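Notes follow the structure.
The values are calculated or read from the model by the stated rules, or taken from the named source; none is laboratory data. Given the structure is predicted, the values throughout are model-derived calculations rather than measurements. Virtual Cβ from ideal backbone geometry, glycine too; neighbours counted across all protein chains shown. Note: areas computed on protein heavy atoms with side chains; ligands, DNA, RNA excluded. Shrake-Rupley method; radii C 1.70, N 1.55, O 1.52, S 1.80 Å.
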Amino acid sequence: LTDQWFVDAAVLAEPALKAVEEGRTRFIPKQWENTYYDWMRNIQPWCISRQIWWGHQVPAWYGPDGHVFVELDEQAAAAAAAAHYGKTVELVRDSDVLDTWFSSALWPFSTLGWPDKTAELARYYPTDVLVTGFDIIFFWVARMMMMGLHFTGEVPFKDVYIHALVRDEKGQKMSKSKGNVIDPLEMIDAYGCDALRFTLAALAAQGRDIKLATGRVEGYRNFITKLWNAARFCQMNDCAVPTGFDPATATFKVNRWIVAKFDECAAKVGELIEAYRFDAAANAVYHFVWGTFCDWYLELAKPMLQGADGPHKAETRAVAAWALRSILHVLHPFTPFITEELWEHFGDGASDQLMLRSWPAATGIEDDGAAVEIDWLVRVIGAVRAVRSEMNVPPSANVRMLVHGLDPARHGWLDVHSDAMARIGKIEQISLLGAAESLDAHAKGSAQLVVDEATLLIPLEGLIDIEKEKARLSKEITRLDIDIAKVEKKLGNEEFVAKAPPEVVEENQERLAEWRASVERLSAALSRLGGTP
């Protein structure tokens with residue numbers, strides 16, 4: 001047996017427990033509070049001495065008779081010994097060093113100049129957020145709480161975000177012996193740092209581990225490429241933000257639409273980041289960049305950008321550059337490298353880096369109905385595209401569209417946006433059916449879809465073999481129904497659910513949800529052709 005140094009951890013734990021119970025420090029996700037409480041309410045004396053060669057040496061000195069002096073430094077120990085013995089004596093310092101976790105517990109304030117009352121300590125303590133793994137909640141988080149409260153009287157951090165474990169694509173923990181380790185450096189070499197970073201953010205759902213697969217990183221690499229190509233397109237079309245440009249003053253509808261949509265995106269992404277919903281924030285900005293900006297806005301704006309010079313072209317160039325520059329702001333937390341690179345070309349000419357800029361403020365653009373109109377156009381073209389894809393309509397083929405029940409206030413939209421419908425949706429002819437006309441007269445051989453209050457019919461005769469397409473859809477639905485039944489039977493077996501690894505059960509649940517969604521989509525397509533699922 002050897003003598004060791006101990007801390008009465010139960011005394012230190014009381015204020016640390018109270019701080020979390022009162023909400024001065026919170027855990028995200030909240031469920032991890034239970035792990036913290038369990039450790040702290042059952043805490044034992046903490047052995048803080050280690051017999052190793054490195055670390056902070058225990059601040060204890062021994063006199064000739066073994067009397068111990070625990071002081072801040074050697075000078076204070078010598079003074080205490082002289083007062084005790086009535087004379088100067090030789091002291092021997094304890095050779096033990098402090099436990100690594102003891103030293104680490106001092107990190108939030110010791111790095112800021114404590115015990116001196118420095119400006120840095122006043123400015124940066126308490127800190128805002130600690131990001132860490134669940135496996136060191138007791139070893140580090142709890143001990144920082146105890147030390148911070150004991151030595152400063154303040155909690156060391158306001159929020160503790162517990163991040164997920166990164167597992168392999170099957171949900172198994174990475175292990176060299178299993179051979180399933182994904183080397184992040186290899187992933188970065190292959191797909192880029194931004195793609196890997198965005199993937200991890202997009203998969204970081206609270207309370208769930210990350211299943212990392214090469215295919216996912218590759219998909220987000222394509223997203224990075226999409227942004228780069230969009231920037232090149234804007235550059236080739238001389239898009240630039242004029243000095244003093246105010247996007248809220250845009251007059252062209254599609255430009256007012258993208259400004260309003262960006263305001264929504266920036267507000268939503270900001271709120272989600274503040275709530276530590278990094279996966280939802282990443283997906284929100286992903287859909288805005290890829291879908292709203294690249295797939296819709298640039299396509300709708302292309303005729304103006306590539307047309308004759310004039311007020312609309314000048315405005316569209318300015319708005320496109322402003323939207324791209326604004327996108328760089330909201331993407332920066334997820335993809336810092338490409339956004340800094342593009343900021344040099346599409347920033348406002350300032351010398352400071354994008355990372356030092358404030359989050360974009362709302363433009364305050366007024367709602368004059370432009371957003372509603374363009375949203376309607378996007379839904380119509382999107383619905384027609386979906387039908388074309390589901391029904392295997394050749395990509396080069398143009399289609400006709402019959403419109404029934406459209407709000408009279410929207411009749412003019414069909415004429416205004418006919419060029420966009422023809423160019424993007426390949427809708428060559430649009431016919432507005434009268435309110436008294438029956439849909440049945442046009443339904444045979446047509447796919448029906450509903451957008452808001454209107455019913456759209458896409459005649460398919462001559463474009464596809466309708467009976468053959470019905471048979472294909474029915475066959476696919478039958479195959480999926482068989483697969484669904486098998487998985488439902490498996491998941492309905494209590495013994496399987498109890499004994500199977502959690503990742504296997506979760507994989508089957510995800511597969512079942514995906515197949516059900518496919519059946520629903522295929523059944524809707526079959527119904528449009530007049531078939532029975």
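Please determine, by comparing only the residues of the range 236-249 that are open to solvent by 70 Å² or more (accessible area, probe 1.4 Å) and assigned to a helix (DSSP H, G or I), which one is nearest to Leu196 (Cα to Cα).
Met236
Asp73 - would you say it is under 30 Å from Pro184 (Cβ atoms) and surrounded by fewer than 16 Cβ atoms within 10 Å (Cβ to Cβ)?
Against the criterion (under 30 Å from Pro184 (Cβ atoms) and surrounded by fewer than 16 Cβ atoms within 10 Å (Cβ to Cβ)), Asp73 does not qualify.
Taking the condition without any contact (Cβ under 8 Å) to a residue 24 or more places away in the chain, open to solvent by less than 80 Å² (accessible area, probe 1.4 Å) and out of contact with any Pro (no Cβ under 9 Å at 6 or more places or on another chain), does Thr88 pass? Spell out the reasoning first.
On the way: without any contact (Cβ under 8 Å) to a residue 24 or more places away in the chain: yes; open to solvent by less than 80 Å² (accessible area, probe 1.4 Å): no; out of contact with any Pro (no Cβ under 9 Å at 6 or more places or on another chain): yes.
No, not satisfied.
For residues in the range 514-529 being open to solvent by less than 60 Å² (accessible area, probe 1.4 Å) and modelled with pLDDT of 80 or more, which is nearest to Gln448 (Cα to Cα)?
This residue is Ser523.
So, in the range 154-171, exactly how many residues are in contact with a helix residue (DSSP H, G or I) (Cβ under 8 Å, 6 or more places away or on another chain), part of a strand (DSSP E or B) and either hydrophobic (A, V, I, L, M, F, W, C) or at pLDDT 95 or above (or both)?
Number satisfying all stated conditions: 4.
Suppose we filter the range 296-308 for residues that are open to solvent by 30 Å² or more (accessible area, probe 1.4 Å), over 17 Å from Ser326 (Cβ atoms) and part of a helix (DSSP H, G or I); how many remain?
Count: 4.
Determine if the range 311-324 includes at least one residue that is open to solvent by less than 30 Å² (accessible area, probe 1.4 Å), closer than 20 Å to Asp419 by Cβ, among the small types (Gly, Ala, Ser) and part of a helix (DSSP H, G or I).
Yes; the residues of the range 311-324 include at least one that is open to solvent by less than 30 Å² (accessible area, probe 1.4 Å), closer than 20 Å to Asp419 by Cβ, among the small types (Gly, Ala, Ser) and part of a helix (DSSP H, G or I).
Using the structure shown, decide if Phe293 is outside any helix (DSSP H, G or I), under 17 Å from Leu227 (Cα atoms) and modelled with pLDDT of 95 or more.
Taking the combined requirement at face value, the residue does not satisfy it.
Sort through Phe252, Phe288, Phe223, Phe233 and tell me the only one that's in contact with a Ser or Thr (Cβ under 8 Å, 6 or more places away or on another chain) and either among the hydrophobic types (A, V, I, L, M, F, W, C) or surrounded by fewer than 19 Cβ atoms within 10 Å (Cβ to Cβ) (or both).
On the way: Phe288 fails: in contact with a Ser or Thr (Cβ under 8 Å, 6 or more places away or on another chain); Phe223 fails: in contact with a Ser or Thr (Cβ under 8 Å, 6 or more places away or on another chain); Phe233 fails: in contact with a Ser or Thr (Cβ under 8 Å, 6 or more places away or on another chain).
It is Phe252.
Looking only at the range 499-509, filter to residues that are open to solvent by 80 Å² or more (accessible area, probe 1.4 Å) and at pLDDT below 85; which one of those is nearest to Ser474 (Cα to Cα)?
The extreme case among them is Pro502.
Which numbered condition trips up Asp194, out of (1) in a helix (DSSP H, G or I); (2) within 26 Å of Ile224 (Cβ to Cβ); (3) out of contact with any helix residue (DSSP H, G or I) (no Cβ under 8 Å at 6 or more places or on another chain)?
Only one criterion in (1) in a helix (DSSP H, G or I); (2) within 26 Å of Ile224 (Cβ to Cβ); (3) out of contact with any helix residue (DSSP H, G or I) (no Cβ under 8 Å at 6 or more places or on another chain) is unmet by Asp194, namely (3).
Pull up the range 10-33, narrow it to residues that are among the charged types (D, E, K, R) and part of a helix (DSSP H, G or I), then point me to the one that is nearest to Ile162 (Cα to Cα).
Only one residue tops the list, namely Glu33.
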